[in-house]
Amino acid sequence: MLEKFLKYHQELISQDFVDGILKRIEKAYQTRLLILGIMSFIGVAMAVFAVNSLMDNSWVLSIKPYLLESKNIVYLALLVLALFLTNLFVSDNHNQTI
Amino acid sequence: MQLSQRSDQELVALAISSSDHKAFTSIVERYQSLIRQFLRRLTAGDTAQADDLAQDTFFMAYQKLHTFKGTGSLKSWLHTIAYRLFLKHIQKHQMVELGENDPILISEPQSALEADLLAEKMMQRLSADERVVMTLFMAAEMSHSQIVEVTDIPLGTVKSHIQRAKVKLQQLVEKSQLVA
């Protein structure tokens, strides 16, 4: 008696449901690519800046007077951006950990 | 060989190794009905919430597909994810639950849709654990050991939940027949 009531009676098949999941997968993939791209850019930029700072005739020396004033702000902004992107990446992973 | 004819293990392997989503789409198509129905029963008929959780289930399955070891079945693994998402959901949101004396009108369903709606309504009488074991046992046709695998609830507790849920639902059906 209960078996008759409780068994699944319908076949729930919907292409919209499948498409919705595929869209989410694609969006998550694009977000990860974006984060990876920005982080790579920051990493490369910092590396170039660090290497140039060590050279005597570096272009960094010519912009150093301007840079010193805003240096801390730039570092802070980069740090905040990196933390934000890391947080985004980690929370994306955390949501998957059930 | 068409994707729809391949085994679960083959589809998982293909979904992990290939860059397109065709194999994973096949997995979703194969299990969407089971998982959506399962979550409709757990949410006792909140179809919108059930479908959201079902989407989350497949999305998470895609993200974690590489961790699927293949020791159990894909069906059990997907049900495990769905069940855990449901538990997480009810930690934040009130679950629809009816008291023993709250009436539910049970009449002979005229269609498959009505029959499912009635089953979902009957679930409102059960606790979350009773809903999950009862649905896995009666609707998803899982064995006790498979239910243990999905829910992590000890075997003895699974059996007692099923027994208690059967009594509750039997009383509900009998009461409604008396009313009728």
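For the range A:16-38, which residues satisfy the criterion of being in contact with a helix residue (DSSP H, G or I) (Cβ under 9 Å, 6 or more places away or on another chain) and either within 8 Å of chain B (Cβ to nearest Cβ) or closer than 26 Å to B:R41 by Cα (or both)?
A:F17, A:V18, A:G20, A:I21, A:L22, A:R24, A:I25, A:A28
Just the residues that are in contact (Cβ under 8 Å) with a residue 24 or more places away in the chain and within 12 Å of another protein chain (Cβ to nearest Cβ), please, taken from the range B:131-159.
Of everything in the range B:131-159, those that are in contact (Cβ under 8 Å) with a residue 24 or more places away in the chain and within 12 Å of another protein chain (Cβ to nearest Cβ) turn out to be B:R131, B:V133, B:M134, B:T135, B:L136, B:F137, B:A139, B:A140.
Considering the range B:10-51 alone, what residues qualify as being among the acidic types (D, E), more than 10 Å from chain A (Cβ to nearest Cβ) and under 15 Å from the mean Cα position of the chain (by Cα)?
Listed by number, the list holds a single entry, B:D46.
In the range B:1-31, what residues are open to solvent by 80 Å² or more (accessible area, probe 1.4 Å) and in contact (Cβ under 8 Å) with a residue 60 or more places away in the chain?
The one that is open to solvent by 80 Å² or more (accessible area, probe 1.4 Å) and in contact (Cβ under 8 Å) with a residue 60 or more places away in the chain: B:Q9.
Check whether at least one residue in the range B:42-55 is open to solvent by 20 Å² or more (accessible area, probe 1.4 Å) and hydrophobic (A, V, I, L, M, F, W, C), and report yes or no.
yes
Can you tell me which residue among B:I162, B:I90, B:I104 is at pLDDT below 90 and within 14 Å of chain A (Cβ to nearest Cβ)?
Criteria check complete, one pass: B:I104.
Going through the range B:165-180 one residue at a time, which ones are within 12 Å of chain A (Cβ to nearest Cβ) and open to solvent by 50 Å² or more (accessible area, probe 1.4 Å)?
B:K166, B:V167, B:K168, B:Q170, B:Q171, B:E174, B:Q177
How many of the residues making up the range B:114-130 are in contact with a Lys or Arg (Cβ under 6 Å, 6 or more places away or on another chain) and free of Cβ contacts under 8 Å to residues at least 60 places away in the same chain?
Selection size over the range B:114-130: 1.
The values are calculated or read from the model by the stated rules, or taken from the named source; none is laboratory data. Values in this document were obtained by computation on a predicted structure and should not be read as measured data. Positions of Cβ are backbone-derived with ideal geometry, glycine not excepted, and every protein chain shown enters the neighbour counts. Ligands, DNA and RNA are excluded from the accessible area calculation, which covers all protein heavy atoms including side chains. Shrake-Rupley method; radii C 1.70, N 1.55, O 1.52, S 1.80 Å.
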